[in-house]
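Notes follow the structure.
Throughout, read-outs are computed from the coordinates displayed, never taken from laboratory work. What you are looking at is a predicted structure, and each value in this text was computed from that prediction instead of being measured.
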Amino acid sequence: MMSLKRYNLAAVLLLLLGGYGSAQAAIAPDRTRLVFRGEDKSISVDLKNANSKLPYLAQSWVEDEKGVKITSPLIVVPPVQRIEPSAIGQVKIQGMPALASLPQDRETLFYYNVREIPPQSDKPNTLQIALQTRIKVFYRPQALSKIDMQHPWQYKITLQRQGNGYQVSNPTGYYVVLSNASNRMDGTPARGFSPLVIAPKKQCDAGRGRQ
C-alpha cells in the first residue's frame, strides 16, 4: 500500500549547480552556470587564461540537452579566439529567431562548452592535453522572469513515499536539484533518498527507501 506521508525538500534551482573541469583548466569561464532570459538578445561570458606564460586558443560552442552541437537557437561568437597569458577574452552567446519556438512556460536546458588548445610544444615526445569545461545554460522565458514571493515556487515541489522508494513531482517551470529530504513532522531524514535533478513539469523516482 502506498504511503502518502509527505516530506520537506531541500530544493534549489539547478542554476546553483556548478560546471566541471574548470579547476585544472588554463581557460575557464567566469561563471559556473548561465541564464539566458527571454528578453535577452545576447549574454557575455569572460574567459580567463590562468597561464601566466603561454597563450591559448579557446574554442567555444553550444549543445542542446542531449549533448548535440547546435547553431540555433543559440550560437557562440567568436567560435575560436586567442587569449594571451593572464589575459581575459570574451564570447557572446547570441539568441536566434528560433528561440520563439521553444516552450514559453518552462526553462530549456543547453550547455556551453569551451575547449582550451595549448600552443604547440617545441619539445619532442611531449603529450599535450586539451581540457574542456562544460556549464549549463538555461533559457528562461519572460513568463518565468518574475517570482511570486507570496507563493514561492519551491513549495510546489512534492515528495511522496511509494513502497520502498519515493516519487518527486516538479510542477514548476524551473529545473530543480534536490539534495536531501526530511519528514515534515519530525525532521527525520528520508532514508534511501538519492540527490537528483528533475526537469520542469516532470515526475521521477528518487532512490529506494529502507524500512
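Give, in nm to one decimal, the length gained when the segment between Ser44 and Leu57 is fully stretched (0.36 nm per residue of separation minus the Cα-Cα distance).
Gain on extension, Ser44 to Leu57, equals 2.9 nm.
Compute the orientation-averaged projected area for segment 18-144 from the convex hull of its Cα atoms and round it to one decimal in nm².
Taking a quarter of the hull surface, the average projection is 8.1 nm².
Sort largest first and round to whole Å: the equivalent ellipsoid semi-axes of segment 84-145, each the square root of five times a Cα gyration tensor eigenvalue.
In descending order, the three semi-axes are 38, 12, 10 Å.
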